[in-house]
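**Q** One structure is given below, represented as structure tokens, and several questions about it will come after.
Bear in mind these aren't lab numbers, they're just calculated from the coordinates by the rules spelled out. Keep in mind that what you see is a predicted model, and the values were worked out from it rather than measured. Methodologically, a virtual Cβ is constructed for each residue, glycine included, from the backbone with ideal geometry; neighbour enumeration extends over all protein chains shown.
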Amino acid sequence: MSTVTGVRGEERDEYTKAESRWIRRRSLRLLGSLLHPLRAQLWLTMAVVVVSTAAQVAGPAIIAYGIDQGLPALMQQDWLPVGLAGLAYLLTGTAGAFLIAWYIRMAARISQAVLIDLRTRVFLHTQKLSLEFHESYTSGRIISRQTSDLDAIRELMDEGINQLVRGVLYMLFTAIALVWLDWFSGLVLLVTLLPLAALTRWFQVRSQKLFRRSRVASAKLIVQFVETMTGIRAVQAFRSERRNERVFGDLVDDYRDVNARALGLFAVYNPALNFMGYVAVAGVLLIGGFRVADGALEVGVLLAAVLYTKRFFDPMEELAMFYNSYQSAASALEKISGVLEEQPSVPDPTEPVDLWTADGRVRFESVEFAYTPDRVVLPRFDLDVPAGQTVALVGSTGAGKSTLAKLISRFYDPSDGVVELDGVDLRRMHPKDLRRAIVMVTQEAYLFSGSVADNIALGKPEATFDEIVAAAKAVGAHEFIEGLPNGYDTDVNKRGGRVSAGQRQLISFARAFLADPAVLILDEATSSLDIPSERLVQEGLQTLLADRTAVIIAHRLSTVAIADRVLVMEHGRIVEDGSPADLIGGTGRFAALHAAWRDSLV
Ligand SMILES: Nc1ncnc2c1ncn2[C@@H]1O[C@H](COP(=O)(O)OP(=O)(O)OP(=O)(O)O)[C@@H](O)[C@H]1O
């Protein structure tokens, strides 16, 4: 069922029967795996709710006994039956209340356990998924999974199931009690149930469609919100607030319309439900009344029948609501189970090769790469980077530089051929060894919330403070860090702790220096730095590159100059390969590029 495996087909409105079945099974499997560890508690909770509902339903039958048996006896000065009835009523009521309290508490505990398990699974799993997944599945969608979808499931677990179990049991026991007490009144109730079933079906079909559309509309709102906020710099730079306002306004309108229509359905269904309840009670009372007059029915039984009929309709409204929270939760579970079904496209090896210390020789052998099968981005090529060499990758935008870098860091696997580190296929290396041996420093030099020291220590979590300071000193970051309000303890994402683009890079250099990988891949920031910052970064870079293999996606002339070797890429091919001096002296593309660069500096 490749059309709906993982997150494929998630955005679709309609599915074929086979696809729906596949998705439903996947959701059920997930639900099963979540509930399995809790099965003992589940059984106990079920037992408690059954007994407590039975205790609650016993009320009217006890009243009937009290009236029909107790009152005549009381007239004969025998107060025992009435006393017994009163006591039994009180006892069942008290027991029912205590058991319900117990049930609610246990149900809440189960629902909390399930939700925390699910939330953790989604977080850990999405974190583990390869870059390929995250490049196409936007953060807006992931946030939707973690927020509104988990909320929908929480709502169902906390309120919906509670209502369903208690409601269904209540109706079932009430119906049984009614039939047992007086089957004829049961028959009257049954007759009113037929139009009610038709009405409920009508409501379900309509509300299902509308609620599905409402969920799609709300997910779109979240995605639009997240995209605008993540791109807030571009939004403000291009003054696209107006446009976003319009798009957001349209989405809000859609959302409001569809919700208004869904709520309109309740405006029909709920009053109709109430009305049917009144009709049923009137029917039971009228027919029962005649039978009492005929002496075919006792008054107490009639009263109990009326009470049962009335109570039968009580949970109905909540059950109709349940259907919608069930729908939301089911669709949320479908999506979450899809995300959890996704597998990392770069799987961990089953039998990893031991490569504790790496020298840093990188080799591409007969490698070909395509993101999608229909378009080869890197046509077949070989490349050998000896240990310790600094290679600068240059080329026009879209030439494939980042793609090559991503293959070395194994964010992707080649479509064909092998990428090796010290003669070992990257696919056979343990992820821990791989991450220790090969580190990629990305353009944006991402800093996480926390202190500067924490951010540097990401490179080596067990590092001592002295090691952190030594790393910062080595790349020339120590001085500016000392100058921050709280030095190494400054929180980088708090007001006052903000650091400049160049400083950000220095921190990420210190992080990489501390990690001390055999191979460093660096996507140089394109944003231009002022001259002092540029010099600082350049010096930091030199220290960082010493004694290791380095592949730099170079955007600066000064960086290319310190490289041992330059690779010029064009349309996915390496078109020139040589030392900077040789290439500058030649007549190739790099010579032209270099001349243009130099001119731009004048
Ligand atoms: N995740 C992706 N899915 C599909 N195609 C991609 C993906 N990433 C890049 N490409 C395509 O692969 C080609 C090479 O892109 P790549 O990012 O490697 O270029 P680059 O040389 O690093 O460019 P730049 O200097 O602009 O970053 C481009 O044509 C791009 O459209």
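**Q** Taking 8 Å as the Cα distance limit and 6 or more residues as the minimum spacing, I'd like the relative contact order of the stretch 320-403 as a percentage.
**A** So the answer I get is 20 percent.
**Q** Oh, and also: Name the residues of the stretch 391-418 whose amide N is less than 18 Å from a point 7 angstrom out from the Cα of S600 along the C-beta direction?
**A** From the stretch 391-418, the list is 392-402.
**Q** In the chain, what percentage of the DSSP-assigned beta bridges are antiparallel, given to the nearest 5?
**A** Around 50 percent antiparallel, to the nearest 5.
**Q** Angle check, please: helix 17-35 long axis (alpha carbons) against the longest principal axis of the chain (alpha carbons), in degrees 0 to 90, nearest 10.
**A** Roughly 90 degrees between the two axes.
**Q** Quick one: of K335/K432; K406/K432; K209/K335; K335/K401; K17/K310; K335/K460, which pairs are farther than 28 Å apart, Cα to Cα?
**A** Cα-Cα > 28 Å for K335/K432; K335/K401; K17/K310; K335/K460; rest within.
**Q** Now, a different point. If one computes the Cα centroid of the stretch 437-458 and of the stretch 11-38, what distance in Å separates the two points?
**A** Going from one Cα centre to the other spans 39 Å.
**Q** Take every Cα pair under 8 Å in the stretch 20-341 that's 6+ residues apart, average their separations, divide by the length, and report that relative contact order as a whole percent.
**A** With pairs under 8 Å counted, the relative contact order is 32 percent.
**Q** Would you work out which of S214, V258, W180 lies farthest towards the positive end of the dipole of the chain? Charges go on Cβ: Lys and Arg +1, Asp and Glu -1.
**A** Checking the options against the dipole of the chain, the answer is W180.
**Q** Next up: Let me know the Kirkwood hydrodynamic radius for the stretch 362-601, please, with Cα pairs as the basis and the value in Å to one decimal.
**A** 18.7 Å
**Q** Near D348, within a Cβ-to-Cβ distance under 13 Å, what is the net charge of the other residues, with Lys and Arg +1 and Asp and Glu -1?
**A** +3
**Q** Now for a different question. Could you sort 370-383, 447-460, 504-517 so that the peptide with the highest average Cβ count within 10 Å comes first and the rest follow in order?
**A** Listed from highest to lowest mean packing, they are 504-517, 447-460, 370-383.
**Q** Now for a different question. Starting from the Cα of W43, step 7 Å along the direction of its Cβ; do the same at A591; then give the gap between the two resulting points in nm.
**A** 8.4 nm
**Q** Taking the Cα atoms only, what angle lies between the long axis of helix 183-230 and the longest principal axis of the chain, rounded to 10 degrees?
**A** 20 degrees
**Q** In addition: Using a simple spin-label model with points 7 Å from Cα along the Cα→Cβ vector, what separation in nm is obtained for D516 and Q343?
**A** Here the modelled spin labels are 3.7 nm apart.
**Q** Say R0 is 35 Å: what FRET efficiency, to the nearest 0.05, do E570 and F123 get from their beta-carbon distance?
**A** It comes to 0.30.
**Q** Could you state the orientation-averaged shadow area of the convex hull built on the Cα atoms of the chain, in nm² to one decimal?
**A** 37.3 nm²
**Q** Relative to the longest principal axis of the C-alpha atoms of the chain, give the angle of the C-alpha long axis of helix 316-341, reported between 0 and 90° and rounded to the nearest 10°.
**A** 20 degrees
**Q** What spacing in nm lies between the two simple spin-label points modelled at V252 and D577, each 7 Å away from Cα in the Cβ direction?
**A** 5.8 nm
**Q** Would you mind calculating the relative contact order of the chain from Cα pairs under 8 angstrom and at least 6 residues apart, reporting the percent as a whole number?
**A** In percent, rounded to a whole number, it is 15.
**Q** Report the convex hull volume per residue for the stretch 224-279, counting only C-alpha atoms, in Å³.
**A** 62 Å³
**Q** Translational D (Stokes-Einstein, µm²/s) of the stretch 20-341 at 37 °C and 0.692 mPa s when Rh comes from the Kirkwood sum over C-alpha pairs?
**A** Using the Kirkwood radius from Cα pairs, D works out to 141 µm²/s.
**Q** Which peptide among 479-488, 397-406 comes first, and what is the full order, when sorted by highest mean count of other Cβ atoms within 10 Å?
**A** 397-406, 479-488
**Q** Would you work out the charge dipole size for the chain about its Cα centre, treating the Cβ of every Lys and Arg as +1 and the Cβ of every Asp and Glu as -1, and quote it to the nearest 20 debye?
**A** 1540 debye
**Q** Run the helix sum for the chain: -39,500 (n - 2.57) per DSSP H stretch of 4+ residues, divided by residue count, reported at 222 nm to the nearest 500 deg cm²/dmol.
**A** Helix contribution divided over all residues of the chain: -21000 deg cm²/dmol.
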